[in-house]
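For reference, the structure discussed in these notes is given below.
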Amino acid sequence: MSLFIATGSNLGDRLLYLNEAREALSHEFLFIAESRVYESLAVDYLNQPDFYNQVLEFKIPDDNPESVMKKLLEIEKTLGRNRIIPKGPRVIDIDMIFWDDVKINTAALQIPHPRLFERSFVVLPLSELPGFKKLHLKFQFNFSFDNTASPIS
């Protein structure tokens, strides 16, 4: 069973921030795999730099999803995330996108992440991970997007 986390950065040394997020998350959860890093234009709030994005796969922890979400927000804050402009520029963004193939819909948390299916910068890297095969059996993934993401290497 896997926990899937998407990371993104569009300020400063974007690759460094993704690496720091992966390291911090790996201290909290048992690391399984990582996608390549993708570059994409911003969506929603367009007046900002391009993003680097990556999806990480971890073993499901003993904590509940709400506790894990709190840890993700703490890691963002530790890495310098400031929430000044909604959906605006950020040194790091960390989103829980899947908790195995379970659907969660509470006031505090919605899993799968609500907009992931329409975002190339989440679906493409996610599709590279070993746990994607199980997700693909339960969820409908579209590989045609209004936005584009490309691997940086």
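Each residue in segment 63-82 was checked for being closer than 17 Å to Asn19 by Cα, in a loop (DSSP other than H, G, I, E, B) and at pLDDT 90 or above, and 0 pass. Of Leu72, Leu56, all but one fail to be touching a residue at least 40 places away in the same chain (Cβ under 8 Å), surrounded by 13 or more Cβ atoms within 10 Å (Cβ to Cβ), touching a helix residue (DSSP H, G or I) at 6+ places or on another chain (Cβ under 7 Å) and under 23 Å from Gly12 (Cβ atoms); the exception is Leu56. All of Phe121, Phe132, Phe141 fail the test of being more than 20 Å from Arg14 (Cβ to Cβ) and in contact with a strand residue (DSSP E or B) (Cβ under 9 Å, 6 or more places away or on another chain), apart from Phe132. Among the residues of segment 113-145, those identified as in a helix (DSSP H, G or I), within 14 Å of the chain's Cα centre (by Cα) and aliphatic (A, V, I, L, M) are Leu116, Val122, Val123, Leu124, Leu126. Among (1) surrounded by 14 or more Cβ atoms within 10 Å (Cβ to Cβ); (2) under 22 Å from Leu129 (Cβ atoms), which single condition is Gln48 missing? The single condition Gln48 does not satisfy is (2). Residues in segment 9-38 that are in a helix (DSSP H, G or I) and among the aliphatic types (A, V, I, L, M): Leu15, Leu16, Leu18, Ala21, Ala24, Leu25.
Which one is modelled with the highest pLDDT, of the residues in segment 91-112 that are within 15 Å of Gln54 (Cα to Cα) and assigned to a loop (DSSP other than H, G, I, E, B)? This residue is Ile92. Does at least one position in segment 81-98 carry a residue that is over 25 Å from Asp13 (Cβ atoms) and either β-branched (Val, Ile, Thr) or within 12 Å of the chain's Cα centre (by Cα) (or both)? Yes, there is a match, as at least one residue in segment 81-98 is over 25 Å from Asp13 (Cβ atoms) and either β-branched (Val, Ile, Thr) or within 12 Å of the chain's Cα centre (by Cα) (or both).
The values are calculated or read from the model by the stated rules, or taken from the named source; none is laboratory data. Since this is a predicted model, take the numbers as computed values, not measurements. Here the Cβ is made from the backbone with ideal geometry for all residues, glycine too, and neighbour counts use every protein chain on show.
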